[in-house]
Structure formats: structure tokens, C-alpha cells
Amino acid sequence: VESEEEARACVWLGLQAHLANAVFTIGRNIGPAMFIAKAGAAQLPIVMFISGFSVIGIGPVFAKWSKGKRAAKVNYEFCLLSAALLLLLPLPIAMSTPGSALGIAAAYMLFLAEDLLPMLLMMQSSSLAQGSLTGHAAKRLLGLIQLGCSTGAMTAGLAIAPLVRTFGSTALLFVQVLLLLASLWPNHMAWWYEDFDEGREGKKKEVQDASAAPTTSPAGPQKADDSQRAAQQPIYRSPMIVALAINTFGIIFCKTIVEYQYNVLLASVLSTDEMVAMTGQLYAAAGFSASVLNVFNSPMMRALGITTTLLICPVSLCVSALAFAAVPLVWAAFLGRLVDLTLRWSIN
């Protein structure tokens, strides 16, 4: 941290990431568990496919809605929208019985809401951090901000079991709403920092423009033209974007299979509340291990390079998948999800 402003930004962005990942952790716990309880494990692949396929349509819509807006403003609006949608779910869930038409419909609505809304929330939380920091600052500070994300999983994961035992799984929907509303405060402070940083960069650019020499080298205009042409090219022509897309596809594909195996295995041996509580412990363990990795994240990337570091996640997922194939038990699925969550919240 090089300045007091950066320290403040780390605090507010880290707190916002903490609350966002707490919402994500709760959603990824109660979504599959309550869906299996209401609709049955046989329909889990169907709803997972619908959720994954719907991202193809929702992603561009969300991107178009976000275009031209401040990241903090988009996050503010999305938190309020998510809170309103989550408040609509407890009533149909409470009124329905397992296996009934209403119960199955409520289960689908719950799963899709808890799968898509927290995912978009975490995406926007990352955008908020990226939009508030320069490229130089992001390399130094994203590891610290990510600590807030992993500690959010720890605190939410540890709190889920006593909350479920006391109030039941449905009550966690109201906890998510409270966390979303609480996240508006650090989001407001991050919004202020984004305004402050933009004003500072604008003044710096004015000074640089005023002191710049009126003449340019022959290579100057050519370099600007090349940059402009590169910016106008479709993103699928960029080898880096294509490579990252393939890497992300592979990771999400593998983690979805591991998540399905884990949920089906747990549902076969545990009740809904027990499954939610155990998954909470999984997220707490992943949050702790991710926090440890985040401390060494920046030194690791400097030592190994980003390309080499990115290989850690797919290689680790491959090893955990082979372990589950050899020993298809709950602990192996638990280990696979632990590896996936830990690396996604830290190195990847």
C-alpha cells in the first residue's frame, strides 16, 4: 500500500467483497440443498443445465445494462434488485410441499435465483475493484482485497450451521437480504474513491498534456493508429481473450461436475439442514485456505509469472477429479470442492 487513499480503498473494497461473498456462500449452500428437498436429486442436472444456458442470455443483457455506468452505480442497483427478488422466494417455499407442482416450481425459482444472482454479484464485485484501481495498483492490492472475499466465506460458512439449527434453511434468505443492504455502505465509499481517483487522474493528464512538446516522433501517430485498430477488432480475434475464455470454460465445466457430485452424495446421506450446515463448513474451510494463499498471491505471481500461476487451478482440479474417480465417497467430493473454491477465491 503506497498511500492513505489506497489503504482506504482496500478497506472499503475488501469489506464490500466480504459481504458479497457471504451472500454468495449462503446462496450456493441453500440453493442445491433446498432444490433437492423440494424437487428431488433426479432434476438437479436439468436445473443446472437451465441455469448454465441462461447465462448465455443474461450475460449480454447484464453487460449492456452496465455499459457506460460506474461500477459502483451498477453494483448499487444490482444489490437492491437482488434483495427485492430474494424477498419474493420465502412465501412459495413455505407454502409448498415436496414433489408437488408448486414445490417443484418454487425449487426451480430458488435454485436459479441463488445460482445466478450471487454469481453476477461476485462478477460485479470484481468489476468494482477493477474499476476503482489502476493497473499498477491492482497488481499490488487485489490480493489484499481478495482477503475480504475469502474471510466473507469463512464467517458466513461458520455462521450457517447455528443459523440453520435455530431458524431453519429458509431464514437464510432474509440473512442474504440484510447482507445485500449492508453492502451498500462500503459500495458508497468505493463510489467516492472511484470519483476521487478519476478526478486525480484527470488533473494529472491535464498537467502532462500541458507540459508535452508540440512535436511528436514519426512513430507516435503510427503507434496510436495501431492501438486504435486493435481496440476496434472483435474480441474473438485476440489470442489472449480466446485463451482465457477456453481456460475459464474448462474450469467452470469441471467445477460444475464436482459440485453436482458433491450435492447428490450429500443429499443421499444427510437432511436438508444438515447438508446446508456441512456445506457451510466447506466454505469456511475454503475461505481460510484461500486467505492463506492470498497472503502469498502477489509474491507467487512475481516469482512464477501469471501464465504459470494460472496452470495451478486446472492441474489441481484434474488431480482432485482423478481422486474422486478412484474413491467416489463424500470426503473425496468434499476435497474436490475445497480445492476448487480455494483456488477460485485466490490464485485463479
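Summed over segment 325-336, residues that are touching a residue at least 60 places away in the same chain (Cβ under 8 Å), part of a helix (DSSP H, G or I) and open to solvent by 30 Å² or more (accessible area, probe 1.4 Å) total 2. Note on segment 57-104: residues that are within 19 Å of Ala33 (Cα to Cα) and open to solvent by 70 Å² or more (accessible area, probe 1.4 Å) amount to 9. Annotation: of all residues in segment 280-304 being modelled with pLDDT of 80 or more and more than 13 Å from Ser346 (Cα to Cα), the one that is surrounded by the fewest Cβ atoms within 10 Å (Cβ to Cβ) is Ala303.
Note down all Cβ pairs under 7 Å where the first residue falls in segment 142-158 and is farther than 15 Å from Val292 by Cβ, the second is part of a helix (DSSP H, G or I) and open to solvent by 50 Å² or more (accessible area, probe 1.4 Å), and they're at least six residues apart or on different chains. If the second residue must be part of a helix (DSSP H, G or I) and open to solvent by 50 Å² or more (accessible area, probe 1.4 Å), the pairs left are Gly157/Gln281. Among the residues of segment 22-43, the ones that are open to solvent by 10 Å² or more (accessible area, probe 1.4 Å), part of a helix (DSSP H, G or I) and either touching a residue at least 12 places away in the same chain (Cβ under 8 Å) or charged (D, E, K, R) (or both) come to 9 in all.
In segment 44-103, counting only helices (runs of 4 or more DSSP H) that sit wholly within it, the ones holding 1 or more residues that are touching a Lys or Arg at 6+ places or on another chain (Cβ under 8 Å) and of a type in the set (A, V, I, L, M) span 90-95. Per the listing Ser320, Ser316, Ser289, the residue uniquely assigned to a helix (DSSP H, G or I) and either farther than 24 Å from Ala277 by Cα or without any contact (Cβ under 8 Å) to a residue 12 or more places away in the chain (or both) is Ser316. Among the residues of segment 337-347, some residue qualifies, meaning at least one is buried (at least 20 other Cβ atoms within 10 Å of the Cβ), outside any helix (DSSP H, G or I), touching a Leu at 6+ places or on another chain (Cβ under 9 Å) and among the aliphatic types (A, V, I, L, M). Residue count for segment 253-277 under the criterion of being without any contact (Cβ under 8 Å) to a residue 40 or more places away in the chain, part of a helix (DSSP H, G or I) and of a type outside the set (Asp, Glu): the result is 1. Tallying residues that are open to solvent by 10 Å² or more (accessible area, probe 1.4 Å) and part of a helix (DSSP H, G or I) within segment 162-192 yields 18.
The values are calculated or read from the model by the stated rules, or taken from the named source; none is laboratory data. What you see is a predicted model; the values in this text were computed from it and never measured. Reconstructed Cβ throughout: ideal geometry from the backbone, glycine too, with neighbour counts over all protein chains shown. The protein model used for the area step is the full one, side chains on, heavy atoms only, and it has no ligands, DNA or RNA in it. Shrake-Rupley method; radii C 1.70, N 1.55, O 1.52, S 1.80 Å.
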